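Colleague: Sharing a structure with you now.
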Amino acid sequence: MIKYIYGDNMAKRKRIKPIWKFIFVILLVGITLIYGYIVDYNKNSNKDDNDSNIFEKISKKKEVKKKINLTLVGDIMFEGLYLDSINQGDDPNTYLSMVGDKYFKKDDITIGNLETTITDNNNLKVNGYGYEFCTPQNIIQGLNNNSIDVLGTTNNHSTDRGIDGINNTIDYLKNNTNIMSVGSYKSKEDRANFRIKEINGVKVGFIAYALGMNDFGKYITNEESWRLGLYRNPPSYNVISEENKELMRKEIRALRKECDVLVAIMHWGQEFHFEEREVDQHALSKLLNEEKVDVVLGSHSHCMQPIEWYTSDDGYKTLVFYSLGNFTSADDNLDGRAGPDYVKAYQIALLANLDIELNDNKVTFNKITTEPIINYFNKDKRDFRMIPLSMYNDTYETNHYMYNTGLNKTYINNLYTRIIPEEFR
């Protein structure tokens, strides 16, 4: 054995060489297997990383959220005191400039209710007294210049200038402003056209209904009722019939299919009441919630009213502003139609600002804020301004024409906290 291993050189070469060949082959095979394993591992590792990236991208794509910001205000009317100030040289663009700069020009859509007709500068006479309203065109341009986007045009003043007033209001807004009107129509075909604005990839639909007109059927008969969105029948307007409800349901359902967020502008309830009314505001809020309306902008009371959530049996939530009160107005005594508390409240608007998110077709209210807006005019009944409470300084407060009646920051804050639930303040 010993000789076999340590024999002469020739014997060693002849006997050991085949062994080294075998060992070399084994090593080569081993290295090849290890290399193949490493390559395969890296490939699988990269594939897993790629797969992970793909799923991450898909997940992120599913999580893309669309957002929109809405501002809501109440009744916009231009009464005699304000028209007089414009005739004396005041600038119609300054009336809304403070609230416009803070809210309207920064949001995506500003929505309100236009409680006046618009003159044609010919047959439709301008007026702001006696609760019969027809507004000059340059004042309407003040709304347009301050970035108001959507106006409800069905309310108890829609026929203050008859059918011509309805038609001219529609035409003027359409042809001379960037403001969309909803609630009054020139034809049945026009009524069937959806009112939708698409912003940030979110389609916001608008629909509007009112309790009736001041003319009690003089212009709008049952046969002509298609001209206005109404939830009661002319001429008496004293019943919300099943026929009315079914028409509302039909129109809302058709619009609901075409939009992501649905806003209903409702002119309802009772004037000079801080509380909502059961017969229409509660009953119709339930109907609107059942039809999956997202936001209800209420008006007509001339003062702010509470805010409330409605939830349907299947869990759909609707945010209802029973009334945002007056936005623009100018009446210093109300001709004895209401007590002193309402004369002061008449000058206080409620503004709401909503951050809404759309994710997988689900509407979420991320943030809801409100702020009182004071309808300011000085002791000479001039210099009209809509001033957010946060900007209503001592100078404005003490120089307001109605300061001596008790319209001050203490009254405004007390009214606000008494009427509006804490979650919305």
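Colleague: Scan region 359-369 and tell me whether some residue there is in contact with a helix residue (DSSP H, G or I) (Cβ under 6 Å, 6 or more places away or on another chain), touching a residue at least 60 places away in the same chain (Cβ under 8 Å) and under 21 Å from residue 307 (Cα atoms).
Modeller: no
Colleague: Right, next: Select from region 215-269 the residues that are of a type in the set (Val, Ile, Thr) and in contact with an Asp or Glu (Cβ under 8 Å, 6 or more places away or on another chain) and list them in ascending order.
Modeller: Once the filter is applied, which keeps residues that are of a type in the set (Val, Ile, Thr) and in contact with an Asp or Glu (Cβ under 8 Å, 6 or more places away or on another chain), region 215-269 yields 240, 252, 261, 263.
Colleague: Of the residues that sit in region 181-214 and are among the hydrophobic types (A, V, I, L, M, F, W, C) and touching a helix residue (DSSP H, G or I) at 6+ places or on another chain (Cβ under 9 Å), which one is surrounded by the fewest Cβ atoms within 10 Å (Cβ to Cβ)?
Modeller: Checking each candidate, the answer is 192.
Colleague: Let me ask another. Please give the strands (runs of 3 or more DSSP E) falling wholly within region 177-227 in which 2 or more residues are in contact with a Pro (Cβ under 6 Å, 6 or more places away or on another chain).
Modeller: Where strands (runs of 3 or more DSSP E) fall fully within region 177-227, none carries at least 2 residues being in contact with a Pro (Cβ under 6 Å, 6 or more places away or on another chain).
Colleague: What number of residues in region 366-425 are in a strand (DSSP E or B) and more than 25 Å from residue 86 (Cβ to Cβ)?
Modeller: Counting residues in region 366-425 that are in a strand (DSSP E or B) and more than 25 Å from residue 86 (Cβ to Cβ) gives 6.
Colleague: Being out of contact with any Ser or Thr (no Cβ under 7 Å at 6 or more places or on another chain), part of a helix (DSSP H, G or I) and farther than 16 Å from residue 112 by Cβ is the filter here; which residues of region 130-167 pass it?
Modeller: 138, 162, 163, 164, 167
Colleague: Please go through (1) surrounded by fewer than 19 Cβ atoms within 10 Å (Cβ to Cβ); (2) touching a residue at least 60 places away in the same chain (Cβ under 8 Å); (3) in contact with a helix residue (DSSP H, G or I) (Cβ under 7 Å, 6 or more places away or on another chain) for residue 389 and return the number of the only condition it doesn't satisfy.
Modeller: Looking at each condition in turn, residue 389 falls short on (2).
Colleague: Report yes if residue 322 is assigned by TED's automatic domain parsing to the domain that holds residue 111, buried (at least 20 other Cβ atoms within 10 Å of the Cβ) and without any contact (Cβ under 8 Å) to a residue 24 or more places away in the chain, otherwise no.
Modeller: No.
Colleague: Now for a different question. Within region 101-125, take every residue that is free of Cβ contacts under 8 Å to residues at least 60 places away in the same chain and surrounded by 19 or more Cβ atoms within 10 Å (Cβ to Cβ) and give me the one that is nearest to residue 347 (Cα to Cα). Lay out the reasoning, then the answer.
Modeller: First pass over region 101-125, keeping only residues free of Cβ contacts under 8 Å to residues at least 60 places away in the same chain: 101, 104-106, 110, 116-125.
Adding the requirement that they be surrounded by 19 or more Cβ atoms within 10 Å (Cβ to Cβ) leaves 104, 110, 116-119, 124.
Details: 104: 20, 110: 20, 116: 18, 117: 21, 118: 23, 119: 25, 124: 28 Å.
Only one residue fits best here, namely 116.
The values are calculated or read from the model by the stated rules, or taken from the named source; none is laboratory data. All of these numbers come straight from a predicted model, not from anything done at the bench. Counting neighbours? That spans all protein chains shown, and the Cβs are built from the backbone with ideal geometry, glycine included.
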